[in-house]
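Scroll down for the structure; my scribbles are underneath it.
The values are calculated or read from the model by the stated rules, or taken from the named source; none is laboratory data. What you are looking at is a predicted structure, and each value in this text was computed from that prediction instead of being measured. Cβ placement follows ideal geometry from the backbone for every residue including glycine, while neighbour counts extend to all protein chains displayed.
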């Protein structure tokens, strides 16, 4: 099984990318490819720019990565209660090529933040919106207080209860 994972943040030290990488590694007998949103930087989407340059090749490249997956692991950064501008821009460009951006792929949808709500706002928005764009959301997971609950040095969730919760979700998302 091929898993495409990414943190929906342009931060070079994205905590969401760290969480997505860890979660993707929990799937047994899988090939994991972790995407970096910075590899898909495009001009800010507008119909005027689209008319001028057409469909951006990086949007097609992102869609090709999604197409190559059997399962998606996505962890969303929360910026002012919503998606990061960088992710929204990639999403907007992709949706002009294929309105079903996530191509009916099963997905583990997550969010984390350094706060106690763990990206709950953006996770709720995505949980409700992503199915309209072709996501088959199998489970959602929020990791609150990232720096208290994630062992950065070892790249894993340090809180045993939250770790078990995620492991159960991974196991059950394949059933």
Among the residues of the range 124-135, is any at pLDDT 95 or above and not in a helix (DSSP H, G or I)?
yes
Look through 16, 38, 89 and report the one residue that is within 18 Å of residue 137 (Cβ to Cβ) and assigned to a helix (DSSP H, G or I).
16
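Just to be sure before I move on: is residue 28 surrounded by fewer than 13 Cβ atoms within 10 Å (Cβ to Cβ), out of contact with any helix residue (DSSP H, G or I) (no Cβ under 6 Å at 6 or more places or on another chain) and part of a loop (DSSP other than H, G, I, E, B) in the structure I sent?
Here the answer is yes, as residue 28 does meet what is asked.
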Looking at the range 77-87, can you tell me whether even one residue there is at pLDDT 95 or above and exposed (fewer than 15 other Cβ atoms within 10 Å of the Cβ)?
yes
Failed condition for residue 96, given (1) in contact (Cβ under 8 Å) with a residue 40 or more places away in the chain; (2) in a helix (DSSP H, G or I); (3) within 14 Å of the chain's Cα centre (by Cα):
(3)
